[in-house]
Amino acid sequence: MRLTKAFWQTYKEVPADAEIPSHQLMLRAGLIHKSGSGLYNYLPMGLRSIRKVENIIREELNKIGCNEITMTVVTPGELWQETGRWDKMGGLMLRFKDKKESDLCISPTNEEAVTDIFRKTVKSYKQLPVGFYQINTKFRDEIRPRFGLMRGREFTMKDAYTFHMDKASLDVGYQEMYDAYTAIFTRLGLEFIPVEADGGAMASADSKTHEFQVVANAGEDLIIYSQEAKYAANSEKAQTIRAKTEYDFQISPLTEVSTPNKTTIEEVCSFLNKPHYTSLKSLVYVATTGNVSKNVLALLLGDDSLNEIKLQAYLKCDHLIAATEDQIKASKLWKGYIGPVGITEDITIVFDKSINLEASYIIGGNKKDSHMSGFNPKRDMKNTNQADLRLAKAGDLTLDGKYTVVEKRGIEVGHVFQLGDKYTKDMKVGILDQNGKLVTPLMGCYGIGVTRVVAAAIEQNHDENGIVWPKALAPYQVYFATIVKSEEFVKIADEIYKEMSDANLEVIYDDRNVGPGNKFKDSDLLGLPFRVVMGERDYAASGDLEVIDRKSGSVTKVKKEELVSTLKNLLK
Ligand code: ATP
Ligand code: MG
């Protein structure tokens, strides 16, 4: 593509709302254009990268015999009513009515739609297992759209679904997809980790789920990781044990201490000159099941955090939400000074398992500016229910106690999930088995955030001058920058461009009438794997062209005749 014919602009400035490098660079390098909050137009350069991701996904999924289809972006509300998700999806789903007053939505995901196709077309066990995928637009009215394509409201997703007669077949299909994902992200040249994820309240105990996480500082997810133990899990899912804690076993009476304006663990402990783990963190939640709500007080060691998923699983409730300030007040508690002693009996109290019930702790005094020291759970409480509530963190040990785990930040680019019979049961799908008996098939679902992959790749691969594309994703392979004035050399440059194009190299030909400084800046910003420079003076003197590796900066001098083969070798 000749730049004089291309639609491409670069920018020096970034808008204030672009907080992370990938978002800034995608705007500055002219890959995307913002049309509204969480809404982005894909410009030619950006679209080429997106297409490359799509094609790699397509090739790998076709290889495992998955069938490409395209489902409608708009889906009828009736389908979502069948599974109860019309209500459960909440504000994430964009709903509207057509002129006949029928409910519709813009698909945030497509389990219902694909199950509807399946139940109307597949009848016999002989047609199973079968898998479908599509690469399509999704819309989710995210609470916090941010970071450009990383968390957009409208985005491109690859979503795949498989149907199976039994769990053994689902396990095989799941593993095939897991392997295809590994192949896809490897081909894309990304540093990624498949991590054990949480299946949510719906998932049965034996249903597997993994997230594919791209390691990057700007990642919103926390991964608990041990290379030695080959263990990686989303922090919400991670099973670890707390490293050894020195408890305070000095028994003393429960004593009120004045702590004016000290409301956090940090403030109280530094005021009393005590380590954080000698205090207890008191968190109030509202647990709802059906239309019954009750208040819950969760207690953790002062330096631990609550894993809400574990608390919800322990309480077996439908919803769990942190109590608001008003709800806390209504329970006769003081925010910043909450503790387990002397509170009303209708609050359920749960101690985290890492709390040693025989030790002493500092707790909130349940009135303003007041805490208590010498709290001994065993002595001072009637009930001391304990459960595993804490969030895994760096410094914890793997379950066998052998290895220390670290934390890494990750961007979830893919997700594989064994759904079981959730959708097929709700949507009354029946398949005749070998004996002519109707069986409810099992499902797996598998997503990749296509547009998020592009953002994640840039987040992981950039420097102070711009993007450093992994080869497989770069919009073009070569940036051909010429510094030539006379007609004779322009003609040679045109020839070189033609030779590269004819050899199927993807080349941007910077034939603009601007100085070398501009060309090199734009070339670095766009970050194609290789830049070829033809300077009139050098070329006239030696016949040399320069090939510059964007990643390493290394320069190779080549003659015109060797250029194509050199590039082909470098791009392997
Ligand atoms: P997240 O936890 O990041 O909100 P999710 O778990 O809700 O994502 P899934 O339902 O698993 O997302 O969707 C499949 C894939 O789609 C995700 O792994 C992610 O790569 C991508 N994705 C999800 N939401 C967005 C979004 N708002 N913008 C871009 N990509 C997204
Ligand atoms: Mg997910």
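Overview of values
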{"quantity": "Condition broken by VAL114, with the remaining ones in (1) within 16 Å of ligand 2 (Cβ to nearest atom); (2) among the hydrophobic types (A, V, I, L, M, F, W, C); (3) buried (at least 21 other Cβ atoms within 10 Å of the Cβ) satisfied", "calculated": "(1)"}
{"quantity": "Test: LEU570 is open to solvent by 50 Å² or more (accessible area, probe 1.4 Å) and either closer than 26 Å to LEU47 by Cβ or more than 34 Å from the chain's Cα centre (by Cα) (or both)", "calculated": "yes"}
{"quantity": "Criterion (in contact with a helix residue (DSSP H, G or I) (Cβ under 8 Å, 6 or more places away or on another chain), at pLDDT 95 or above and among the charged types (D, E, K, R)) met by exactly one of ASP524, ASP510, ASP494", "calculated": "ASP510"}
{"quantity": "Set LYS498, LYS521: member being under 26 Å from ASN461 (Cβ atoms) and open to solvent by 20 Å² or more (accessible area, probe 1.4 Å)", "calculated": "LYS521"}
{"quantity": "In the range 136-182, the residues that are within 17 Å of GLU211 (Cβ to Cβ), away from ligand 2 (no atom under 16 Å from the Cβ) and open to solvent by 30 Å² or more (accessible area, probe 1.4 Å)", "calculated": "GLN175, ASP179, THR182"}
{"quantity": "Spans of helices (runs of 4 or more DSSP H) in the range 44-120 with at least 1 residues at pLDDT 95 or above, β-branched (Val, Ile, Thr) and under 25 Å from the mean Cα position of the chain (by Cα)", "calculated": "44-63"}
{"quantity": "Filter pass, LYS437 being farther than 17 Å from GLY30 by Cα, open to solvent by 20 Å² or more (accessible area, probe 1.4 Å), among the basic types (Lys, Arg) and free of Cβ contacts under 8 Å to residues at least 60 places away in the same chain", "calculated": "yes"}
{"quantity": "Looking only at the range 450-465, and only at residues there that are open to solvent by 40 Å² or more (accessible area, probe 1.4 Å) and farther than 18 Å from VAL14 by Cβ, the one that is nearest to ligand 2 (Cβ to nearest atom)", "calculated": "ARG452"}
{"quantity": "Search result, residues across the range 230-246 that are closer than 30 Å to VAL416 by Cα and surrounded by 15 or more Cβ atoms within 10 Å (Cβ to Cβ)", "calculated": "TYR231, ALA232, ALA233, ASN234, SER235, GLU236, LYS237, ALA238, THR240, ILE241, ARG242"}
{"quantity": "Elements of type strands (runs of 3 or more DSSP E) in the range 186-275, at least 2 residues being in contact with an Asp or Glu (Cβ under 9 Å, 6 or more places away or on another chain), at pLDDT 90 or above and more than 16 Å from ligand 2 (Cβ to nearest atom)", "calculated": "221-226"}
{"quantity": "Yes/no for PHE249 being open to solvent by 60 Å² or more (accessible area, probe 1.4 Å) and within 20 Å of MET381 (Cα to Cα)", "calculated": "yes"}
{"quantity": "Filter result (surrounded by fewer than 20 Cβ atoms within 10 Å (Cβ to Cβ) and farther than 17 Å from LYS521 by Cα) within the range 473-491", "calculated": "VAL484, LYS485, SER486, GLU487, GLU488, PHE489, VAL490, LYS491"}
{"quantity": "Test: LYS126 is part of a loop (DSSP other than H, G, I, E, B), away from ligand 1 (no atom under 13 Å from the Cβ) and either of a type outside the set (S, T, N, Q) or surrounded by 19 or more Cβ atoms within 10 Å (Cβ to Cβ) (or both)", "calculated": "no"}
{"quantity": "Within the range 411-434, considering residues that are under 23 Å from GLU211 (Cβ atoms) and more than 16 Å from ligand 2 (Cβ to nearest atom), the one most open to solvent (accessible area, probe 1.4 Å)", "calculated": "ASP421"}
{"quantity": "Residues of the range 331-346 classified as farther than 21 Å from ASN376 by Cβ, open to solvent by 80 Å² or more (accessible area, probe 1.4 Å) and not basic (Lys, Arg), total", "calculated": "2"}
{"quantity": "Residue count, the range 480-502 (criterion: closer than 16 Å to ASN569 by Cα and in contact with a Lys or Arg (Cβ under 7 Å, 6 or more places away or on another chain))", "calculated": "0"}
{"quantity": "Out of LYS402, LYS408, sole residue that is open to solvent by 10 Å² or more (accessible area, probe 1.4 Å), in a strand (DSSP E or B), of a type in the set (Lys, Arg) and on the phi < 0 side of the Ramachandran plot", "calculated": "LYS408"}
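The values are calculated or read from the model by the stated rules, or taken from the named source; none is laboratory data. On a predicted model such as this, the values are computed, not experimentally measured, just so you know. Please note: Cβ atoms are built from the backbone with ideal geometry, for glycine as well, and neighbour counts cover all protein chains shown. Just the protein is used for accessible areas: all its heavy atoms, side chains included, with ligands, DNA and RNA removed. Shrake-Rupley method; radii C 1.70, N 1.55, O 1.52, S 1.80 Å.
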